[in-house]
Structures are given as structure tokens and as C-alpha cells.
1. Rg and Dmax of the chain, using alpha carbons, in Å: what are they?
2. Once amide H atoms are placed 1.01 Å from N in the peptide plane, what residues at a sequence separation of 5 or more from Val64, or on another chain, have their amide H within under 5 Å of its amide H?
3. If I take every Cα pair under 8 Å that is 6 or more residues apart in the chain, average their sequence separation and divide by the length, what percent do I get for the relative contact order?
4. Among Tyr117, Tyr211, Tyr358, rank each residue by its count of other Cβ atoms within 10 Å, from fewest to most, as a rough exposure measure.
5. I need the Kirkwood Rh of the range 139-187: take the reciprocal of the average 1/r across all distinct C-alpha pairs and report it in angstrom.
6. Could you give the alpha-carbon Rg of the range 205-272 over 2.2 N^0.38 Å, rounded to two decimals?
7. Pop out the ³J(HN,Hα) list for the range 292-305 in order, Karplus 6.51 cos²θ - 1.76 cosθ + 1.60 with θ = phi - 60°, rounded to Hz; leave Gly and Pro as x.
8. Taking only Cα atoms of the range 1-55, what ratio of Rg to Rh do you get with Rh as the Kirkwood inverse-distance radius?
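Any read-out appearing in this document is the output of simple, stated calculations on the displayed coordinates, not a laboratory observation. Note that the coordinates shown come from a computational prediction; the quantities given were computed from them, not determined experimentally. Backbone-built Cβ (ideal geometry, glycine too); neighbour counts: all protein chains shown.
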Amino acid sequence: MRRKVCVVITARPSYSRIKTALRAIVEHPDLELQLVVAASALLDRYGTAVNYIEKDGFPIAARVYMVLEGENPASMAKTTGIGMLELATVFDNLKPDVVVTIADRFETLATAVAASYMNIPVAHIQGGEVTGSIDEKVRHAVTKLADVHLVSTAGAAERVRKMGEEDRKIYITGCPSIDLAAEISGNPDLDFNPFERYGGVGDLQQLDNGYLVVMQHPVTTEHERARQHVMETLEAIYEFDMPALWFWPNVDAGSDGTSNGIRSFREMYRPKNLHFFKNMEPTDFLKLLYSSKCLIGNSSVGIRECSFMGVPVVNIGTRQHGRERGSNVLDVGYSKDDIASAVNSQLSNGRYEPNDLYGNGDAGKRISDVLADAPLEIEKRLTY
């Protein structure tokens with residue numbers, strides 16, 4: 001009998017982190033995929049990632065609407081609670097053999113808690129990593145709830161081990177998002193017009209002479225300063241004589257401040273060099289990054305995929321504090337002048353040598369093999 005694998009995707013970055021593993025699960029003869037799409041992955045204001053999931057042909061077993069409006073710490077806590085309630089019902093209906101949860105978002109905690117209390121084994125992707133803010137606490141909490149640890153690096157595996165998890169439960173698979181970066185390496189050129197394909201807001205740009213990409217999310221422990229933080233970045237990028245393609249923030253405490261800052265700046269200055277997008281298909285987004293001169297912001301894509309592709313990155317603030325990184329990342333604070341200086345430095349440096357710290361392109365296959373063969377904790381308990 002095939003093992004039923006329930007994968008829960010709760011946000012647009014989660015899809016790119018799991019896409020190749022989904023493909024490998026579908027293709028594995030001993031596995032059956034039960035895909036649950038939830039939270040901001042269903043919402044238009046955050047890019048409607050579910051549309052790309054359906055376009056790629058993955059069947060969706062359940063949709064869970066659980067996001068409480070507010071973009072503040074209370075709404076994050078309440079969304080987590082709603083998620084636990086709704087996901088428990090979904091798991092009761094689907095009766096999976098294992099539930100897969102991804103990374104460190106607050107919705108991830110809801111997935112792990114609901115499955116654990118229902119005695120369903122939990123497999124956690126990207127455990128053991130160190131980051132800033134509440135995300136690290138969530139990630140480590142999910143590690144302690146998980147029964148199978150699918151980690152990206154040897155350093156992450158060692159941290160999971162130090163948290164008391166057994167070696168036999170820890171598997172170094174690499175990060176599935178690196179698989180997508182490896183896939184485009186054979187044809188990394190920007191072979192589509194992002195404005196025609198994805199629309200967005202702002203003047204159309206001529207990209208042939210180079211462009212910047214910006215992706216800045218609020219830091220949940222600094223959410224009250226989110227507007228101030230993004231304004232510093234906006235002012236720094238505005239002064240560059242170069243197109244900048246800017247992506248909307250995730251649904252986190254402070255995202256309303258980030259969004260309001262962007263809208264206010266746009267209305268006040270009418271910037272000619274800035275164009276704003278909600279979302280893109282994962283492969284298109286990576287091609288856009290590959291051909292860019294620099295990524296600016298605080299997204300983990302700068303630490304992971306950009307390191308593999310050799311794209312220069314200016315990482316702003318504390319959101320990625322402590323995460324393992326390659327030489328392509330230059331860390332700065334929230335000062336406009338510091339950001340501008342770092343961007344200039346990265347533009348002068350140009351591309352970096354690729355780094356395979358987070359994997360070499362086969363993580364999805366490795367993950368599916370582990371999910372098919374790994375002893376699950378619930379099976380062990382049933383033998384008593």
C-alpha cells in the first residue's frame with residue numbers, strides 16, 4: 001500500500017521550497033500525494049500562489065482559509081489558532097500517514113501541532129537553521145514536534161542533533177528550492193517579458209542594461225518600525241539610475257506598514273524606475289533573479305538560491321540573522337546611506353562564484369525517497 005503524504009503549503013515562498021519534492025512524490029511508486037493549500041497561498045493580495053500550483057498540475061485535496069486580517073502579532077497568533085482547528089478537520093478527513101510542513105512560518109506551527117496531537121508523524125523541511133525574530137522559535141518548536149527531519153545543511157543537522165533529536169531521524173537532503181535554481185542553470189536567460197506576463201504597477205522598464213530586484217518583508221519582532229524600514233530602502237533604491245523590480249511583502253505582523261510605506265512613497269514621488277509585482281511563477285522569478293545585477297532586501301532567497309546562482313545580495317536588517325550564507329551576501333542595517341553604499345559595492349563586484357551550501361539540485365528526489373522509506377514514529381509506537 002502506498003504511503004499517503006500530506007503536504008501543507010501556507011504561503012507563496014513555501015511552494016518554491018517544496019515544488020520539486022511534490023513532483024518527486026507524485027512520481028514515486030510508493031507514495032500518494034495529498035496536497036493542502038492554506039492561508040496566504042490562497043489570497044490574491046499575496047499573489048495567489050494556488051493559481052501557480054494548479055497550473056503546474058498538482059491536484060489539491062483541501063483548501064484552508066485561515067488568515068485573520070490585521071497583520072499584527074495578535075492576528076498572527078489567532079491565525080495560528082484557526083489553522084490548528086481547520087487543519088485538524090482536514091487531517092481527520094484525509095487520514096495521512098505523514099504530514100509534511102515547511103520552514104518557520106507561524107502557519108507551519110499550526111500544521112505541526114495539529115498533526116502531532118492527532119498522532120500523525122510530522123516531517124519537517126528546513127529544520128535546524130538559525131534566523132532572526134520569532135521565526136527561529138517557530139522553526140525549533142516544529143523541530144521538537146517533528147518525527148522526520150529533512151534538513152538543508154550539515155550545520156542544520158548538527159543543531160537538530162543538539163536539540164536532542166536522534167541521528168536516525170535526521171536526513172541531510174539539501175533545500176528543494178535549489179533544485180529549481182539548478183534546473184534553470186542550463187537556460188538562465190530572461191526569455192519572457194515580466195511586464196507582459198505579470199502586469200504589476202509602475203512604469204514599464206527597459207531591462208537590457210541591467211536592473212535590481214527588491215524583496216523586503218517586515219520583521220515580526222520589529223513590526224512597529226516596518227514602515228520606517230521600507231522607506232529607507234525605497235529612498236536608497238529611488239536614487240539609482242537603474243530599473244528596480246519590487247515584490248510585495250509576505251503576510252506577517254508589520255506587512256501593512258511595509259505596504260503603506262510603498263504606497264505612500266509611490267504616490268509622493270511617482271518613481272519612474274520602480275515597478276511592483278505581487279508574485280511570479282517560481283521558475284520565472286529565479287530567471288529574473290539570475291539576470292539581475294543585485295537582490296536587495298531580507299528574503300531567504302538571497303541566502304539560498306542567490307548563493308547557488310552567484311547573484312550579489314544586499315541583506316538588510318536582522319531577519320536573516322545567523323543563517324548560514326555564502327560570500328555573495330553583504331549585510332547592512334536599515335540606513336538609506338548604508339544600503340546605497342552596499343548596492344554600489346555589489347554592482348562593482350558583479351557575479352560571485354556559485355555556492356552549493358544549500359544543495360546541488362537533487363533535494364526533491366532525496367526527500368521523496370526518505371518519505372517512502374523512513375520509519376515513522378507512529379509505526380514504532382504501534383509495535384509496543
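1. 20.1, 68
2. Amide H neighbours of Val64: Val37, Ala38, Ala39.
3. On the way: 808 pairs, mean separation 70.7, N = 384.
In percent, rounded to a whole number, it is 18.
4. Working: Tyr117 12, Tyr211 22, Tyr358 26.
Listing Tyr117, Tyr211, Tyr358 from fewest to most nearby Cβ atoms yields Tyr117, Tyr211, Tyr358.
5. Working: mean 1/r = 0.0848 Å⁻¹.
After inverting the mean inverse Cα-Cα distance, the result is 11.8 Å.
6. Values: Rg = 12.4 Å, N = 68, 2.2 N^0.38 = 10.9 Å.
That ratio works out to 1.13.
7. 7, 7, 5, 9, 10, x, 9, 7, 5, 4, x, 7, 8, 4
8. On the way: Rg = 11.8 Å, Rh = 11.6 Å.
With Rg and the Kirkwood Rh in hand, the quotient comes to 1.02.
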